[in-house]
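First the structure, in the form of structure tokens, and then the observations on it.
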Amino acid sequence: MGVDEFSDSEDTFTAFSPDYGRNGGQNSREVWGIRFMFNWRMARYRLEYLIFRILVCIVRSLPVRESVALAKGLAFVIHYCLPRKLTRYRVAADNLRTALGEELSEKEIEQTIYRMWIHLFRMVVEIIQLPRKLHRGNIFDVMDFDYPPELITALCSGRPVILLSGHYGNWEIAVSVFGLFGFPMGVVARELDNPFLNQWFEKFRQLTGHRAMAKKGGYDDMIATIERRGHLALLGDQDAGKRGLFVDFFGKPASTFKSIALLALEYRAYICVGYARRLPDQFERNQWVKFELGCEQLIDSTQCVSKDPVGEITQQFTTALENAVRKSPEQYFWVHRRWKSEPRVRVKKQRQTESIPEKKAA
């Protein structure tokens, strides 16, 4: 007897029970409601995946220039045709004013957001094209490298390295390059809601020798990897909520995960703040896109002598990420709410300071 058959028979027996009129019918409706929602969700996931696979086929069949034109066309639709509430324009504009308000005019902010959408669609196109366009034979034609010699020493030192980046540039390509050079990593990322898309991206990361680790529920895998002196790759620019550690990001306190610094300190790991930003197109000279793969800062956790090492290291990698973003602000994902959480104000101290002048007046 199948699962669906068993469920049907159970509902049938419930209908003959004395309590069916009181609560049995309601329970049955709830069961069928859950089934309907589940089936509808899976149907939507399959439709999304079908559309994505069609896009993959189209992109893989297009020459490079035409694929760039496709990305620009999709960005134009998102930015100029859809309602700005739907595209979170206000969130992106507020973030840009917070970070670069004194440097950008309102027109420049609007253009930066438009170019951000172009970058995001180009990034998707590049991820689809990457298995055919990037390999060991042409890696120096695609990449310009900007890193300190100490990075190679760190990767070969036998100590774990945490490759830390943000929603900036093409972070997937940055990780892939390390795999091509023979440095496999555990890639920590949030699982996508769509299981079919999530499986596609997991296989994509495995092509260059990496292993996907779920951000939620994958802590044991992370610890096991770093205990074996393996390397981890993750993004460190998400809002960490009210319990996060607040450090300055573009001059404003931003809640940041302190677990990165704690891992580095406990396991004597290096932190490499890296990025892969797209350089200006030169299709006459290059067969594909050109990137700069850089290490903005290499942090050795064993060299931290601060009284607050967690705060010091967290501020160091956050500042390094800020410096990287300033090189190409249009390649940063401004639509996520980086400054969503605000530091807690100590009410007791405020009350004490307010009571002092009252006592003096008395």
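The values are calculated or read from the model by the stated rules, or taken from the named source; none is laboratory data. Only a predicted model underlies this, so the values are computations on that prediction, with no experimental measurement involved. No Cβ is skipped: glycine too gets one built from the backbone with ideal geometry, and neighbour counts run over all protein chains shown.
Only one of ILE152, ILE128, ILE113 is in contact with a His (Cβ under 8 Å, 6 or more places away or on another chain), part of a helix (DSSP H, G or I) and either touching a residue at least 60 places away in the same chain (Cβ under 8 Å) or surrounded by fewer than 17 Cβ atoms within 10 Å (Cβ to Cβ) (or both). Can you tell me which? Spell out the reasoning first.
Working: ILE152 fails: in contact with a His (Cβ under 8 Å, 6 or more places away or on another chain); ILE128 fails: in contact with a His (Cβ under 8 Å, 6 or more places away or on another chain).
Only one candidate qualifies: ILE113.
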Exercise. Filter segment 302-316 down to residues that are touching a helix residue (DSSP H, G or I) at 6+ places or on another chain (Cβ under 7 Å) and at pLDDT 95 or above and give me whichever is surrounded by the most Cβ atoms within 10 Å (Cβ to Cβ).
Key: THR314
Quiz item: Inside segment 155-178, can you point out the residues that are under 18 Å from TYR332 (Cβ atoms) and in a helix (DSSP H, G or I)?
Solution: TRP171, GLU172, ILE173, ALA174, VAL175
Quiz prompt | Filtered residues of segment 89-104 (kept if more than 9 Å from VAL335 (Cα to Cα) and buried (at least 20 other Cβ atoms within 10 Å of the Cβ)) | solution = LEU96, ALA99
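In this structure, does ASP239 turn out to be surrounded by fewer than 17 Cβ atoms within 10 Å (Cβ to Cβ), out of contact with any Phe, Trp or Tyr (no Cβ under 9 Å at 6 or more places or on another chain) and not hydroxyl-bearing (Ser, Thr, Tyr)? Break it down stepwise before answering.
Values: surrounded by fewer than 17 Cβ atoms within 10 Å (Cβ to Cβ): yes; out of contact with any Phe, Trp or Tyr (no Cβ under 9 Å at 6 or more places or on another chain): no; not hydroxyl-bearing (Ser, Thr, Tyr): yes.
No, not satisfied.
If a residue counts only when it is free of Cβ contacts under 8 Å to residues at least 60 places away in the same chain, which strands (runs of 3 or more DSSP E) contained entirely in segment 179-266 have at least 3 such residues? Give the derivation first.
Numbers: elements: 185-189, 211-214, 231-235, 245-249, 252-256.
Correct list: 185-189, 211-214.
Quick check on this structure: which one of ARG122, ARG84 is touching a Lys or Arg at 6+ places or on another chain (Cβ under 8 Å) and free of Cβ contacts under 8 Å to residues at least 12 places away in the same chain? Full working, then the answer.
Numbers: ARG122 fails: free of Cβ contacts under 8 Å to residues at least 12 places away in the same chain.
Just a single option satisfies the conditions, and that option is ARG84.
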Quiz item: Taking into account only those residues within segment 170-195 that are surrounded by 21 or more Cβ atoms within 10 Å (Cβ to Cβ) and aromatic (Phe, Trp, Tyr), which is nearest to ALA269 (Cα to Cα)?
Solution: PHE178
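Using the structure shown, decide if MET42 is touching an Asp or Glu at 6+ places or on another chain (Cβ under 6 Å) and not β-branched (Val, Ile, Thr).
When the stated conditions are applied, MET42 does not pass them.
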Self-check item: segment 269-310, residues that are over 22 Å from ARG159 (Cα atoms), in contact (Cβ under 8 Å) with a residue 12 or more places away in the chain and not in a strand (DSSP E or B)
Solution: LEU279, ASP281, PHE283, ASN286, GLN287, TRP288, VAL289, LYS290
